[in-house]
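Report on the structure given below.
The values are calculated or read from the model by the stated rules, or taken from the named source; none is laboratory data. Since the structure is predicted, the reported quantities are computational estimates derived from the model, not experimental observations. Cβ coordinates were reconstructed from backbone atoms using ideal geometry, including for glycine residues, and neighbour counts include every protein chain displayed.
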Amino acid sequence: MINTVIFDIGNVLIDVDFMRSIRSYTNTDEEAKRCFLAFVKNKTWDLLDKGTYSTEEVMKKFIENDPEMEMYMRAFFDGMKDLLLPFSFTNSWIESIKKDGKKVYILSNWPQFVHKKFAKEMDFLEKADGYLLSYIEKLTKPDPAYYQLLLDRYLLKAEECVFVDDRKENVEAAKAKGMVGILFENREQVEQDLKKLGVEIYGPIA
């Protein structure tokens with residue numbers, strides 16, 4: 001029986017849109033795309049998620065990926081306007097699951113500076129029964145060790161957990177650990193999938 005729901009953060013509990021934010025600091029869509037590609041090229045952003053490099057160290061790698069975009073990339077990091085926007089249903093989800101007697105945990109790849117900058121928007125973390133953030137643990141999904149750490153730290157049984165994430169590889173890694181996995185597509189779909197598992201959650205329509 002499922003008694004624990006584990007959520008990812010980005011585009012599951014909060015709306016994250018890099019292009020929406022980057023466009024605020026560039027002159028053209030092409031420049032915005034180049035900045036974004038510089039962030040993800042060679043999985044450079046993953047270094048921030050894992051927390052093993054400082055923001056400035058990673059910034060140097062971003063610049064190496066596309067030196068002409070340095071000004072725009074630094075402007076984005078300084079401002080990050082509209083990078084994270086709350087979903088209307090997040091707190092209701094967590095509160096109703098807990099009210100139903102089930103546990104809620106969060107397992108996310110998340111950089112430290114984003115956590116600090118958007119602490120207010122991420123107040124839902126404190127509503128959960130516990131959470132792991134990659135920059136703190138120095139582990140990232142889909143590394144099996146990261147899922148195991150969550151299970152061990154909170155004394156969870158994998159077969160009693162359902163894991164919700166917007167990335168297929170992360171969901172598959174959770175299933176390999178013995179959890180039930182749900183790939184997030186939209187709020188209504190997740191609520192229906194959870195309902196089939198005996199988990200009732202209610203949130204206002206976004």
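With respect to (1) surrounded by 15 or more Cβ atoms within 10 Å (Cβ to Cβ); (2) touching a helix residue (DSSP H, G or I) at 6+ places or on another chain (Cβ under 6 Å); (3) farther than 16 Å from Ile9 by Cβ, the lone exception for Lys141 is condition (3). Restricting attention to region 15-30, does a residue exist that is in contact with a strand residue (DSSP E or B) (Cβ under 6 Å, 6 or more places away or on another chain) and either assigned to a strand (DSSP E or B) or surrounded by fewer than 17 Cβ atoms within 10 Å (Cβ to Cβ) (or both)? Taking every residue of region 15-30 in turn, at least one turns out to be in contact with a strand residue (DSSP E or B) (Cβ under 6 Å, 6 or more places away or on another chain) and either assigned to a strand (DSSP E or B) or surrounded by fewer than 17 Cβ atoms within 10 Å (Cβ to Cβ) (or both). Screening Val104 with (1) closer than 30 Å to Glu57 by Cα; (2) touching a Lys or Arg at 6+ places or on another chain (Cβ under 7 Å); (3) surrounded by 17 or more Cβ atoms within 10 Å (Cβ to Cβ) gives one miss only, at (1). Scanning region 18-29 for residues that are small (Gly, Ala, Ser) and farther than 28 Å from Val164 by Cα turns up at least one hit. Only one of the listed residues (Glu121, Glu160) is touching a strand residue (DSSP E or B) at 6+ places or on another chain (Cβ under 6 Å) and farther than 24 Å from Phe18 by Cα. That residue is Glu160. Scanning region 42-75 for residues that are among the acidic types (Asp, Glu) and in a loop (DSSP other than H, G, I, E, B) turns up just one, Asp66.
Residues that are hydrophobic (A, V, I, L, M, F, W, C), touching a Gly at 6+ places or on another chain (Cβ under 6 Å) and not in a strand (DSSP E or B) within region 145-178 comprise Ala158, Val171, Ala174, listed in sequence order. Scanning region 111-127 for residues that are touching a helix residue (DSSP H, G or I) at 6+ places or on another chain (Cβ under 6 Å) and among the hydrophobic types (A, V, I, L, M, F, W, C), we see that the one that is farthest from Val199 (Cα to Cα) is Phe113.
So that you can scan it fast, the table gives a plain yes or no per residue for (1) without any contact (Cβ under 8 Å) to a residue 40 or more places away in the chain; (2) acidic (Asp, Glu):
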{"site": "Glu126", "(1), (2)": "yes, yes"}
{"site": "Leu132", "(1), (2)": "yes, no"}
{"site": "Leu151", "(1), (2)": "yes, no"}
{"site": "Phe163", "(1), (2)": "no, no"}
{"site": "Asn170", "(1), (2)": "no, no"}
{"site": "Lys196", "(1), (2)": "yes, no"}
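Scanning region 80-113 for residues that are modelled with pLDDT under 95 and among the small types (Gly, Ala, Ser) turns up Ser88, Ser92, Ser96, Gly101.
Let's see how each residue does on (1) free of Cβ contacts under 8 Å to residues at least 40 places away in the same chain; (2) touching a strand residue (DSSP E or B) at 6+ places or on another chain (Cβ under 7 Å):
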residue: Met59; (1), (2): yes, no
residue: Ile63; (1), (2): yes, no
residue: Asp66; (1), (2): yes, no
residue: Phe77; (1), (2): yes, no
residue: Lys81; (1), (2): no, no
residue: Lys102; (1), (2): no, yes
residue: Pro142; (1), (2): yes, no
residue: Gln148; (1), (2): yes, no
